[in-house]
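Have a look at the structure below before the remarks.
The values are calculated or read from the model by the stated rules, or taken from the named source; none is laboratory data. These numbers come from a predicted model, not from an experiment. Using ideal geometry, Cβ is built from the backbone for each residue, glycine included, and neighbour counts are taken over all protein chains shown. SASA here: full protein model, heavy atoms, side chains in, ligands and nucleic acids out. Shrake-Rupley method; radii C 1.70, N 1.55, O 1.52, S 1.80 Å.
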Amino acid sequence: METDTVAIIGPQSSEMAHVLSNLANELQVPLLSFTALDPSLSPLQYPFFVQTAPNDEFQMTAIAEMVSYFSWSEVIAIFSDDDQSRNGIITLGDKLADRRCRISYKAALPPEPSAKRGDILRELNKIQMMESRIIVLHSFSRTGLLVFEVAKSLGMMGKGYVWIASTSLSTVLDSFYPLKPEIANSIQGALTLRPHTPDSKRKRDFMSCWNQLSNGSIGFNPYGLYAYDTVWMIARAVRLLLDQGGKISFSNVTRLGGISGSTLNLSALNAFDGGKQLLSKILETNMTGLTGHVQFNQDRSRINPSYDIINAVGNGQRLVGYWSNHTGLSIVPPETLYSEKPNRSSSNQHLDKVVWPGGETARPRGWVFPNNGRELRIGIPRFIPFGDGHRNPSYYELVNKIKSGVFDGVVGDIAIVTNRTRIVDFTLPYIESGLVVVAPVKKISSSAWSFARPFTPLMWAVTAAFFLIVGSVVWILEHRRNDEFRGPPKQQFVTILWFSFSTMFFSHRENTVSSLGRLVLIIWLFVVLIINSSYTASLTSFLTVQQLSSPIKGIDTLIGSNERIGFQVGSFTEGYLMEELNIPKSRLVPLGSPEEYALALERRNVAAVIDERPYVDLFLSEHCEFSVRGQEFTKSGWGFAFPRDSPLAIDMSTAILSLSENGELQKIHDRWLSKSACSSENSEDDIEQLDLKSFWGLFVICGIACMLALLVYFWLMFRKFSLLPPEELDTTSPSTSRSTRLQTFLSFVDEKVEKPKSSSKRKRESMSRIGYHINDESPHRSGRMDRNMSQNGDSWLTQ
């Protein structure tokens, strides 16, 4: 810096970067580092510091997504107690929290290179006694290899353990191949990350050249490629600055010279006058280097950060997938996905099989019962007894004992409700549940009027009215042309009634001849078919199933009344009824046992009892004089409760799911809870009366058809009436009144209209008029015609 420098590559450690970045700000000299990757080195605080490799925020995001991918919830972090490692672990904790995971323990080791075997042994002994078996290691390579060596000696590289190391381990795998046997044995099954650099001809040529220069004595890890690209970033930026007329000049910084007590010769340092312009050119870099496409985002991070996920196997390594900030975990190179839209859904996350420590390929559970722990304290209304042994305890208080640390879990008939999920984690429900209403019922015997029960009174009234309406409409449409709908008024009224109600059985004998009448009748017969079928099915149910009756139809009946309601002591039912349904506490009666339920209902101390369905099913198996009224009005389930973020909740949920899938859970339910002795008796609410709302659509269609038919019919009548000559109407006199004209129109409508003669009949009549007779037909007519003529001739002549 004393030699008037325009840019600096380095430093190597984040601690030094924090110090020198302040000085770089004063001297306006760009400071570029590919190894000081502390996420806390913010460009807002250190504008002249540029990280040319992906910083540790992305590495920690990749580790967090791996933990989430394998469905682990807790990890233990081992790290060197320096700025970069410490801040990286802080970032890891944040990324894990975003995925509902956490760091259960942080083991800080002395900074490199001062960490000793004894320091590591002390921490690993603690970790070995803990619950979690997922260990994340974030340190430099020397300390990291020593951690693996000690872990191997303690048996912590065996079955059940998971080790995820940061990029320091991958630099060892890349730089020192083949590995020494003792190193290879100590890291078997570990996962590590390596900055991903796309394959290219330029990269292959460079590596070939490097191998010739080094004579194959040392490998080349990706950070060497980032170093190479960093040099070219500065070279291109300086050339661009000079090509655009920039100059290299320096000026003295008076503020630094006034600092006293410093061992540095700060007065000799000069500021680079073109520092801001050079920094701008560096950040505008857009080139293809050995590490791929080199470009910066607005937050000064490299675009498209990505990592290879490496599994240490045998004497080398095995690639199991990739992580990128674009699509997350995948088994295809990230550069092939950049042209597609980002997809971070869980179904799109994939990794190949991993060989875990101990040679296992099955996913480790990730936790064990700790060696330094105590026996689990599981609360059950009475495993570790909770309550006084006489009355039902408060289930909310029981669950709250988990939060206070009294219990490590609660197993039993614990309803999963909202206020409990705020303080504990529940497993998947092992049984469905919900609140129902139980009330006394009486048996309904068949009566002489049972046939009327399928329909409500309103349905009967509307159906009868439509029978009369349709009969009247058909009579109007057929009256002028159909002799069967004519006659004396009394006869016509009877015809309307007979025709209307005979359609119920499709036994009407009157024919319809008008198109409008046939249209209305077809629609009405379809309606009658639906009503008949529904009536028959409903009546069958009413007559064949034993019925139970009660004035209480369900929860709505209780809400709208002032009756007293019983509930189970200690359950959430009381709070739900008061807070959600606004039922006063004065109406609620606590009951503690099935016997109290039965006694309170029999003595009418309560009108009904509200409880969860499994309890009610057991209660009704011995008390057939009561019944469930209405449907379940809540939906929930029973589960086991554990502390928040406990891995036991996940594993128990997995076990419950397995029992459900293989049918064992249903067998347990049938064995203990399917004890209904009253299964043949059903509530009358189970078979509902058919009301108008089930058929109103059919009646509307039929009504519209009748109305349209009448409108068309009367329009045609008015049209024909208006075309009649005045002499036929007898309305030529100016004194003709409006009532007389109306009477004339009604008489016109009531007139009988003769059927139009067929063409054959008109032909025969014309032949008769010109002198031809049937008997004079030519003898050359066919025999069949002669026979027809002889058979029908008399009727024709008569007509």
Any hit, region 208-215, residues being without any contact (Cβ under 8 Å) to a residue 60 or more places away in the chain, aromatic (Phe, Trp, Tyr), in contact with a Phe, Trp or Tyr (Cβ under 9 Å, 6 or more places away or on another chain) and surrounded by fewer than 19 Cβ atoms within 10 Å (Cβ to Cβ): yes
Residue identified as out of contact with any Gly (no Cβ under 6 Å at 6 or more places or on another chain), acidic (Asp, Glu) and part of a helix (DSSP H, G or I) among ASP94, ASP38: ASP94
Candidate set: region 514-556, residues that are farther than 26 Å from PHE699 by Cβ and over 42 Å from the mean Cα position of the chain (by Cα); chosen: the one modelled with the lowest pLDDT: THR544
Region 603-650, residues that are among the charged types (D, E, K, R) and under 27 Å from ILE559 (Cβ atoms): ARG603, ARG604, ASP611, GLU612, ARG613, ASP617, GLU625, ARG629, GLU632, LYS635
Pairs with Cβ under 7 Å, 6+ apart, first in region 288-315 and over 22 Å from MET66 (Cβ atoms) and of a type in the set (Lys, Arg), second open to solvent by 10 Å² or more (accessible area, probe 1.4 Å) and not in a strand (DSSP E or B): ARG300/PRO43; ARG300/LEU283
Residue under evaluation ASN125, criteria (1) open to solvent by 40 Å² or more (accessible area, probe 1.4 Å); (2) free of Cβ contacts under 8 Å to residues at least 40 places away in the same chain; (3) closer than 18 Å to GLY189 by Cα, criterion not met: (3)
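Quick grid of which residues meet (1) in contact with a helix residue (DSSP H, G or I) (Cβ under 8 Å, 6 or more places away or on another chain); (2) aromatic (Phe, Trp, Tyr); (3) in contact (Cβ under 8 Å) with a residue 40 or more places away in the chain:
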{"residue": "SER394", "(1), (2), (3)": "no, no, yes"}
{"residue": "GLU397", "(1), (2), (3)": "no, no, no"}
{"residue": "VAL406", "(1), (2), (3)": "no, no, no"}
{"residue": "ILE414", "(1), (2), (3)": "yes, no, yes"}
{"residue": "PRO454", "(1), (2), (3)": "yes, no, yes"}
{"residue": "TRP460", "(1), (2), (3)": "yes, yes, no"}
{"residue": "PHE466", "(1), (2), (3)": "yes, yes, yes"}
Test: residue in region 380-389 that is surrounded by 17 or more Cβ atoms within 10 Å (Cβ to Cβ) and of a type in the set (A, V, I, L, M): yes
Residues that are farther than 14 Å from GLN59 by Cα and open to solvent by less than 30 Å² (accessible area, probe 1.4 Å), drawn from region 323-342: THR327, SER330, PRO334, LEU337
Pick from region 72-81, criterion at pLDDT 90 or above and assigned to a loop (DSSP other than H, G, I, E, B), ranking: nearest to the chain's Cα centre (by Cα): TRP72
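Yes/no per residue for (1) out of contact with any helix residue (DSSP H, G or I) (no Cβ under 9 Å at 6 or more places or on another chain); (2) of a type in the set (Ser, Thr, Tyr); (3) over 28 Å from ASN252 (Cα atoms); (4) in contact (Cβ under 8 Å) with a residue 40 or more places away in the chain:
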site: ASP38; (1), (2), (3), (4): no, no, yes, yes
site: SER42; (1), (2), (3), (4): yes, yes, no, no
site: VAL75; (1), (2), (3), (4): no, no, yes, yes
site: SER80; (1), (2), (3), (4): no, yes, yes, yes
site: GLN84; (1), (2), (3), (4): no, no, yes, yes
site: ILE89; (1), (2), (3), (4): no, no, yes, yes
Pick from region 41-69, criterion under 25 Å from the mean Cα position of the chain (by Cα) and open to solvent by less than 20 Å² (accessible area, probe 1.4 Å), ranking: farthest from SER280 (Cα to Cα): VAL67
Hits in region 175-210 (condition: under 20 Å from THR35 (Cβ atoms) and touching a strand residue (DSSP E or B) at 6+ places or on another chain (Cβ under 7 Å)): THR192, LEU193, ARG194, PRO195, HIS196, THR197
Leading residue by the ranking (modelled with the lowest pLDDT) among those in region 558-578 that are open to solvent by less than 50 Å² (accessible area, probe 1.4 Å), within 34 Å of the chain's Cα centre (by Cα) and hydroxyl-bearing (Ser, Thr, Tyr): SER571
Where LYS667 falls short, out of the listed (1) open to solvent by less than 40 Å² (accessible area, probe 1.4 Å); (2) part of a helix (DSSP H, G or I): (1)
